[in-house]
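S.K.: Attaching a single structure in structure tokens format; questions to follow.
All of the numbers you see were taken from the coordinates with simple rules; none came from a lab. Predicted model only: the values in this text are computed from it and were never measured. FYI the Cβ positions are ideal-geometry reconstructions off the backbone, even for glycines, and counts take in every protein chain you see.
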Amino acid sequence: GYEMQYFRPARGEYTMEKHDDLVESGYSMIMWNLDPTDWRPNREADGILDLVKEAVSNPTQPPDAWDSANAGLPRRGSYVMLAHDIKSIWLKQVKDGRTLLAAVIDEVRDAGYEIVSLDKCLDRNPVKFDLKNLDKFDDS
């Protein structure tokens, strides 16, 4: 089996008390920096694909539809994408006939990104920030 070490708070909401409890229990809280908004009702597959294309083609600026959960977090060309596996939208077809999942994978790779595990992503491009002062980041 796999022992869990990461925790993503639902909707990106948490308190410092809950964060501290997680850390004391040996977990790392992980946030995403690319939200394709698959959770929104009546979301169209092509709209999600367009949002991802915009993000990977312009890695320093958040897309117009950027979710407020991560407002202010640095964007440095490395992404942790939030995707809900219970949402069937990922299996819907986009205009060219591919599934949304296949199209997103292709777009991400075509933009020069490598799809990796969370462990590998964090080792490659760690972003450290003080949860009490979210406007101050240490990118070293």
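S.K.: Apply 1/(1 + (r/R0)^6) to the Cβ-Cβ distance of M4 and D106, taking R0 = 25 Å, and write down the FRET efficiency to the nearest 0.05.
M.R.: Values: r = 30 Å, r/R0 = 1.19.
The computed FRET efficiency comes out at 0.25.
S.K.: What distance in nm separates the simple spin-label points at M16 and D85, each placed 7 Å from Cα in the Cβ direction?
M.R.: In this crude spin-label approximation the distance works out to 3.5 nm.
S.K.: Measure off 7 Å from each Cα along the Cα-to-Cβ vector at N42 and E24, then give the distance between these two points in nanometres to one decimal.
M.R.: If labels sit at N42 and E24, their model points lie 4.6 nm apart.
S.K.: Here is a further query. Measuring from a point 7 Å past the Cα of D50 along Cα-to-C-beta, which residues in the range 96-122 have an amide N at less than 11 Å?
M.R.: Inside the label zone: nothing.
S.K.: Oh, and also: Please work out the FRET efficiency for the pair K92 and L122, using the Cβ-Cβ distance as r and a Förster radius of 25 Å; give the result to the nearest 0.05.
M.R.: Between K92 and L122 the formula returns 0.25.
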